[in-house]
1. Consider a paramagnetic label point 7 Å from the Cα of residue 222 along Cα→Cβ; state which residues of the range 265-290 have an amide N under 20 Å from it.
2. Hey, could you pull the Cα Rg and Dmax for the chain, both in Å?
3. How far apart, in nm, are the 7 Å Cα→Cβ label points at residue 498 and residue 147?
4. So what is log10(I(q)/I(0)) for the range 285-395 at q = 0.11, 0.17, 0.24 1/Å, when the Debye sum runs over its Cα atoms only?
5. Report, for the chain, the % of DSSP beta bridges that are antiparallel, rounded to 5.
6. Which peptide among 89-100, 14-25 comes first, and what is the full order, when sorted by highest mean count of other Cβ atoms within 10 Å?
7. When the Cα centres of the range 271-300 and the range 309-364 are compared, how far apart do they sit, in Å?
8. At 1.002 mPa s and 20 °C, plugging the Kirkwood radius over alpha-carbon pairs of the range 215-330 into Stokes-Einstein gives what diffusion coefficient in µm²/s?
């Protein structure tokens, strides 16, 4: 098994530089292109990119090490990653992974000796409504079954290229179950943009302010205020960024919006550009949605041809705005706006110190508006139909509607849109959930609800959510969910601050100790203490919300922990006697004297 020729890699890097540009901000895009072409990033590509982009080799290697979808060692011709979100586990992904590994004659988390296939796990792929799912060379395969796994094993064994695999394997459905203000129709006629041209940017901003629109990413910052801050910043370049990096486990609404409502999302970005005075924008598209890139490029090209994007939009001299799609490469932290901007600049996605905030100093240290996909779609609707139209639904503090990604133990997973103020119980009825034990709202970083809380409202003043809504019925062991989330957060920490980097690992280890039946009440107290420290001292939202699922379940579902406790006192997590098993085998001894007793004898008055 030989690697690519040096000249081949250098030629491809030169081609990529010519297509994507020779500026450091494009480093990540070049690395992704190399990864997709060769299955890894060869050393010659590192050297070439460092020289051509005027960055150090250390910077290039640091980026490769940071992003989960970039590799410095060869991967298989078929790089298969099973989605390992808790909903995929509930649907049997581990059994299917073992079945495929057996048929391929290999273990998991490894590349087979012949270099044909790599098999492993990845975080949530945004296909929770049609799982179990996997990625093969970055493309999603949905609706996995034993029969489909057997066929995949055969296709890999026969070296059938992906373009000749059955098309049904790659079909991704929208699964829109309930439509409201935002999803009522997929307008593509530019009506909101035409209204902006007729009435002016100030009038458009006034409608946004009148609507009470708040960011749909969960935090709920007032959209008009964010746009005003950017608009009022000192003269110079400004940027508009659409955050399409929905990496929160259980969330997949942006996938649907970018598939069937892309025109409205792009229109919202263009309206924002007119309001703040930006001439350039980006869609930061999560790596798991790379399959959407040709579709988005097609929509962008059509809008340019229709005069809705590019130079002199709708014939207005000076109204120039262009949008580029920037791919992510598997990093949950890049959903945080400052980490996203770092990634957009080609760097590791590590959170920035704030203030200053992006609206003052964002991309290239210039004023930048970062809103998520749903927010830009809502802005386009508001400008077309007016702020009072939008305020016709929702509550005083939460105007309009919210799009939910519903998955888990329900008959009808998919996309549901509700007016703000809708109770959780209404969603459960509509999606066909029965005997529900718990609901996880807003993903792993959100809130775990017990049945007594099902009358709480989806609203910023009660249950603020980025959109994930995972259902667990009474057959589930909620500690499985806790384990899955704890491992996810420990893996996804960017490492910037100690509370998140160290605390996440400690929480994961303690949860594993509970699951193994080795924990005590002391360990439960440790979970609370570490979780509290993370909430109070972590630098960004990832760290402050990472312990939520543990602290929530300790309070609301204490039995999932206590029924596994080994004792009420301190229990060590290290098994010293077990560690001596190899020594006993070498010595040929297994008598009582060769073992360490669980309780060491003590002698009264003996010196210690």
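1. 272-273, 275-277
2. 25.9, 95
3. A separation of 5.7 nm, rounded to one decimal place.
4. For the range 285-395, the Cα-only Debye profile gives -0.50, -1.09, -1.25.
5. Numbers: 27 of 58 bridges.
Roughly 45 percent of the DSSP beta bridges within the chain come out antiparallel.
6. On the way: 89-100: 18.8, 14-25: 14.3.
Top of the packing list down: 89-100, 14-25.
7. So the two Cα centres are separated by 10 Å.
8. Details: Rh = 15.0 Å.
Approximately 143 µm²/s, per Stokes-Einstein.
Bear in mind these aren't lab numbers, they're just calculated from the coordinates by the rules spelled out. What you see is a predicted model, and the numbers here were worked out from it, not measured in a lab. All Cβ positions, even for glycine, are placed from backbone atoms using ideal geometry, and neighbour counts span all protein chains on display.
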